[in-house]
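**Q** Okay, here's the structure, questions in a sec.
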Amino acid sequence: MPQLPISELPVSALIPAIDIIGTFVFAISGTLTAASKKLDPFGASVIAFVTALGGGTLRDVLLDVRPVWVQEEKLLITVFVSVMVTLLFRQKVEKYRKTMFLFDTLGIAMFTILGLEKALRFGVPPLIALVMGVVSAVFGGVVRDILCNDIPLIFRREIYATACLAGGVAYLLMRLAPVPGEVPMTVAVGIIIVIRLLAVRLKWAFPNLKPEEENISL
Amino acid sequence: MPQLPISELPVSALIPAIDIIGTFVFAISGTLTAASKKLDPFGASVIAFVTALGGGTLRDVLLDVRPVWVQEEKLLITVFVSVMVTLLFRQKVEKYRKTMFLFDTLGIAMFTILGLEKALRFGVPPLIALVMGVVSAVFGGVVRDILCNDIPLIFRREIYATACLAGGVAYLLMRLAPVPGEVPMTVAVGIIIVIRLLAVRLKWAFPNLKPEEENISL
Amino acid sequence: MPQLPISELPVSALIPAIDIIGTFVFAISGTLTAASKKLDPFGASVIAFVTALGGGTLRDVLLDVRPVWVQEEKLLITVFVSVMVTLLFRQKVEKYRKTMFLFDTLGIAMFTILGLEKALRFGVPPLIALVMGVVSAVFGGVVRDILCNDIPLIFRREIYATACLAGGVAYLLMRLAPVPGEVPMTVAVGIIIVIRLLAVRLKWAFPNLKPEEENISL
């Protein structure tokens, strides 16, 4: 089961750039979270690293292949450049939140579909490949919150997993049809971005569950 | 080193059913814990997933093979059915705690021995296979507690790891004797169930350690 | 990509002994942390295990090979002997902190360089091998703190990661020069030990980051 280079995916030539941009923006998010917890620069680097690369790492470990960042230095370097820039220009970075939010949304959309596609290529059934895609996009943020000793944000107020799922389902349907060329990727990424932006604008959220009686401790 | 299908294990034809039942019951436990923490349905699904499948996943990653749920959809589907049933009929589910406790005990007993056997088949030394068996059974609950920001329950009040260890040792001794057929599995599972039920009934527990001076920070 | 036995590394015959000693001392650290959190002996064993073997395990999972302790029983046995000794002679152990601190420093220095060397041998680029070396040395302590529900100590007050990085860089430069024989290992380990002892003596630390505004939640 050879590991396919990302360049063989049937998708746009923009992917390497988007991979780098997504990693860069996720690393900013991690650095700012770390700073808000009063960590030191070393801790901030670690948090930035897991936020940016944790999702893809888990996906690859589950696929039983070596994670991409272990083979190629560019992602690791991207994280550290991102941390340095963020720490040096923290106040400016905080001003560009809206722009970053757009890049971030683009990043998770791309990560979802790329992760799904990679899992399919390694022989994973479609339903599970869908889960792998979402894991690629959201797991980094989960580990960031665990390391910072919070209950992961995504578990309390669902922000983007549902958008990723919807885009992933659309991608799978088009891919299995099959719709040729770059159409499935483009449409699916569009769906994720639109749902997420609407969700934030309209404050969509699942209702939180109410604790009733004591839960069963197994 | 090919990954053996579970059906080649020298054990009862009930295993697929028990695998599903164990996964279903563990997922209920995860869902109820998530609800008690006021997570949303997405968070509850994730917690249910890791509670049910986390142990086997860690075992397989350590064995350097692809986890079972990545290859077959039935376990993933079981988890999501379990979450939906639990959320829809939460009050009824809470009434059947005792029945579930029995299924849960059966599940961890089976998971322990199946995990141990799988590790042996992949060439792991017996002592380490024993640890792998216990990890298969208990690690899911540990991750559930970490994600919910608690110190894992099992570290504070040991509930079933010792039972799993005792059953695992019995299984290894019978297996290496060798006792033929389904006897080792049946006896070992029985030992785990009996010890666990006695432990709960008689409130067996290790004494907690007392903090004395400050610990060494390495 | 065959997994090289540790004995083929171009380093001193003392390595097996140092591996055992490092594991033993890290396990003491884990046990004492667990005791300070009032865990029971089972929980203390788990914490000791992840403190001692967690770093090497993560490194090997990322390299997509089976962790050493899964193949050889000696490391697992070392951990459990260490836990038992620590729990039986806790007050005495706490007296020998200074001696243990020296062993611990030697252990992390060796773990860093051995981890780096192992990654290089499995075809990982030098910069990433450096990260793998540091991960081998420090990740165990991170998981220990997460399991005990603390923000990892190393993120708040950097204690040894920088020393490991410095030693690792020196090792890489000598190794790529190439400086022959055991010189790179010996010098690099010396550098790590000296920097760490100076850091502790002179209370070197990075400044903690200040939380400014709210961080961006992605």
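The values are calculated or read from the model by the stated rules, or taken from the named source; none is laboratory data. What you see is a predicted model, and the numbers here were worked out from it, not measured in a lab. For neighbour counting, all protein chains shown are included, and Cβ atoms are generated from backbone atoms with ideal geometry for every residue, glycine included.
**Q** For the stretch B:72-82, give me each residue that is hydrophobic (A, V, I, L, M, F, W, C) and away from chain A (no Cβ under 11 Å).
**A** B:V81
**Q** What number of residues within the stretch C:183-207 satisfy the criterion of being in contact with a helix residue (DSSP H, G or I) (Cβ under 7 Å, 6 or more places away or on another chain), surrounded by fewer than 20 Cβ atoms within 10 Å (Cβ to Cβ) and over 15 Å from C:T162 (Cα atoms)?
**A** Residues meeting the conditions: 2.
**Q** Which ones in the stretch B:157-200 are among the small types (G, A, S) and not in a helix (DSSP H, G or I)?
**A** B:A177, B:G181
**Q** Find the residue count for the stretch B:149-164, including only residues that are surrounded by fewer than 17 Cβ atoms within 10 Å (Cβ to Cβ) and modelled with pLDDT of 90 or more.
**A** Residues flagged as surrounded by fewer than 17 Cβ atoms within 10 Å (Cβ to Cβ) and modelled with pLDDT of 90 or more within the stretch B:149-164 amount to 0.
**Q** Would you please list the contacts, defined by Cβ atoms under 7 Å and residues six or more apart or on different chains, that run from a residue in the stretch B:137-158 that is under 14 Å from C:K38 (Cα atoms) to a residue that is small (G, A, S) and at pLDDT below 80?
**A** B:L153/A:S217; B:R157/B:A205; B:E158/B:A205
**Q** Using the structure shown, decide if B:A109 is within 17 Å of B:I21 (Cβ to Cβ) and in contact (Cβ under 8 Å) with a residue 40 or more places away in the chain.
**A** When the stated conditions are applied, B:A109 passes them.
**Q** Quick one: would you say A:L197 is within 18 Å of the chain's Cα centre (by Cα) and at pLDDT 85 or above?
**A** The answer is yes for A:L197.
**Q** Next question, about the same structure. Kindly establish whether B:D40 is at pLDDT 90 or above and within 11 Å of another protein chain (Cβ to nearest Cβ).
**A** no
**Q** Turning to a different aspect of this structure: Considering (1) at pLDDT 85 or above; (2) within 14 Å of chain C (Cβ to nearest Cβ), say which one B:G167 fails and leave the rest.
**A** Status for B:G167: all satisfied but (2).
**Q** For B:V93, all conditions in the list (1) at pLDDT below 85; (2) surrounded by fewer than 16 Cβ atoms within 10 Å (Cβ to Cβ); (3) within 10 Å of chain A (Cβ to nearest Cβ) hold save one; what is the number of the exception?
**A** Going through (1) at pLDDT below 85; (2) surrounded by fewer than 16 Cβ atoms within 10 Å (Cβ to Cβ); (3) within 10 Å of chain A (Cβ to nearest Cβ) one by one, B:V93 breaks only (2).
**Q** Kindly indicate the residue of the stretch B:52-90 that is farther than 30 Å from C:R66 by Cβ and buried (at least 22 other Cβ atoms within 10 Å of the Cβ) and also farthest from the chain's Cα centre (by Cα) among those meeting that condition.
**A** Per the stated criteria, the residue is B:T86.
**Q** Now for a different question. Take the residues in the stretch C:96-127 that are at pLDDT below 80, more than 9 Å from chain B (Cβ to nearest Cβ) and part of a helix (DSSP H, G or I); name whichever of them is surrounded by the most Cβ atoms within 10 Å (Cβ to Cβ).
**A** C:F103
**Q** Another question about this same structure. Please count how many residues of the stretch C:96-106 are free of Cβ contacts under 8 Å to residues at least 24 places away in the same chain and among the β-branched types (V, I, T).
**A** Residues in the stretch C:96-106 being free of Cβ contacts under 8 Å to residues at least 24 places away in the same chain and among the β-branched types (V, I, T): 1 in total.
**Q** Looking only at the stretch C:128-153, count how many residues are part of a helix (DSSP H, G or I), closer than 20 Å to C:R196 by Cβ and not β-branched (V, I, T).
**A** Total meeting the criteria: 11.
**Q** Ok, one more. Is it fair to say A:F42 is more than 17 Å from A:G140 (Cα to Cα) and surrounded by 19 or more Cβ atoms within 10 Å (Cβ to Cβ)?
**A** yes
**Q** Since A:F49 meets every condition but one in (1) crowded, with 24+ Cβ neighbours inside 10 Å; (2) within 18 Å of the chain's Cα centre (by Cα); (3) facing another protein chain (nearest Cβ under 7 Å), which condition does it not meet?
**A** Failing condition for A:F49: (3).
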